[in-house]
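Worksheet: the structure to be examined is printed underneath.
The values are calculated or read from the model by the stated rules, or taken from the named source; none is laboratory data. Owing to the predicted nature of the structure, the values given are computational and were not obtained by experimental measurement. Every residue, glycine as well, gets a Cβ built from its backbone with ideal geometry; the counts of neighbours run over all protein chains shown.
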Amino acid sequence: VADLVPTWEEVARDHGRFLYNVAYRLAGNDADAQDLVQEALVRVRRGLSTYTPGSLEGWLARIVTNVFLDDLRRRRRRRTVALPEQPDIVLPPSAAADEAREDLSDEVQRALTALPEEFRVAVVLCDVVGLSYEEIARSTGVPVGTVRSRIHRGRRLLREALS
Amino acid sequence: VSERDLLSAYLDDECTAEERALVDERLARDESWRTELDGVRAARRAVRELPWREPPPGFVAALLEDAPGTRVAKLRRRVALAGSAMGTAAAAIVAALLVAGGSQGDVAPAVATLAGVAGASDSTITPMSAPIDLERAAQKYDIRRKVLVGTTVDEVRRDGRLIARVYAKDAADGSLRVEMFDEAGNVLSGTVPSGPVATTLGESALVDWDVHDPRTAGDNFTLVQRRVHEGGIVELSYSDGVLSVTILEQHGELDWDDVPEGGVPAELAGVTARRYTTRHGDVWVFERDNVVYTCVGRAPADELAGLAAEIAG
């Protein structure tokens, strides 16, 4: 069994890119994604001794998701700065061509980043990582019915945003 | 749970035979169900077809170099926790500046402890990220607002160049995120501004030397906060409504033997300086009139250099 448990270096070397991809889809930007991966690897270090060989990427996805959710909770405890409520105050016109330059995947990522976090986590774990509903339920500690609902509502919001 | 929530499970083959039969029956007689199924199918495809997002070059190698347990990794982890106010790499430079300090007689650039930052137990200062003030920023930038699934996105541009995107969610938690972009359009940092909403100036009486703290500097930057840290290090925070630049001032002569490696010699308004280029922005260190300056910012390189040059000049 010990042979099936990767070393920390193997996880970082062989799965660092996977962790980054998941982290980026959750966080929506590079700097936060890098921080999430670093923190996830710290937890991997602590957790490897108890890791049971199985779906390594599922396990890693769960860790980086938990890091993401912990980070969100920490950020909510800090903050907040209010924006002006009247859009007109800050809305000088600018070139319409700007939107045309935006890449479709950027648009999808922005819509993903704008989802409520619980919907975003469910959609990313399902459609980016490829976990089953049962695995997502275990990873996020909610019933399968809740996972269903979050995935569906997340996709519906994405559709509205992208249409 | 709504019956329609079954549609995604149906699409993902994650429902029971009984549920599948129910969905089939609804789809056969209700066009709105068919429309919704097409919609979530399209959304699923859009996410599944997102390209694999590659980390920046050298990222994985850096992870391996910084294996947990080493001093560097520990330092970076701490900085990462504190890093919401500035890019991690830039914060790491500041932390490195701290580590490098301590020679006799002269001043090693920057700083002390910043209270209240999670995980920052010693010798780390995290420059403040000034509150976003779009009304003020509109004096300098073109700002265009979009609304996307309950999130307001303000794109901040100057001469067509994207400077920042400010994301604000609707009322629930009011959370706010800012992405800054460098000259090439790469993301400098993704941050949640922290710090006081109100402008605060004070504490100048706590040091016994003349702090150089102009109320305005660079291109429409205003001094929004002044703090004094342990050891008499003065932190000045400037903002133009979107970008934040922090100037750390220390009284004394700069010990050039005690600045960290990695930077390059440079010049700011005729003053000898050292410039550290990080993925998240630049850090400038220089001395003028017996004051050592460390300039960092959530700002593109040209904005930071302009402000630093004015301070240096």
Inside segment B:210-223, the number of residues satisfying the requirement of being closer than 22 Å to B:Arg158 by Cα and either of a type in the set (Ser, Thr, Tyr) or touching a residue at least 24 places away in the same chain (Cβ under 8 Å) (or both) is 7
Residue check, B:Pro51 within 7 Å of another protein chain (Cβ to nearest Cβ), under 30 Å from A:Ala31 (Cα atoms) and surrounded by 17 or more Cβ atoms within 10 Å (Cβ to Cβ): no
If I ask for residues that are crowded, with 21+ Cβ neighbours inside 10 Å and more than 7 Å from chain B (Cβ to nearest Cβ), which ones from segment A:136-152 would you list? A:Ile136, A:Ser139, A:Val147, A:Arg150
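Restrict the check to segment B:48-56 and report whether at least one residue is under 30 Å from B:Trp284 (Cβ atoms) and at pLDDT 80 or above.
Taking every residue of segment B:48-56 in turn, at least one turns out to be under 30 Å from B:Trp284 (Cβ atoms) and at pLDDT 80 or above.
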What about B:Ala61, is it free of Cβ contacts under 8 Å to residues at least 40 places away in the same chain, within 11 Å of chain A (Cβ to nearest Cβ), under 27 Å from A:Glu39 (Cβ atoms) and surrounded by fewer than 18 Cβ atoms within 10 Å (Cβ to Cβ)? yes
Out of the helices (runs of 4 or more DSSP H) lying entirely within segment A:15-126, which hold 1 or more residues that are modelled with pLDDT of 90 or more and either over 30 Å from B:Arg145 (Cβ atoms) or aliphatic (A, V, I, L, M) (or both)? A:30-47, A:56-77, A:104-114, A:117-123
Segment A:1-14 - residue that is touching a residue at least 24 places away in the same chain (Cβ under 8 Å) and assigned to a helix (DSSP H, G or I) and, of those, farthest from A:Ala122 (Cα to Cα): A:Leu4
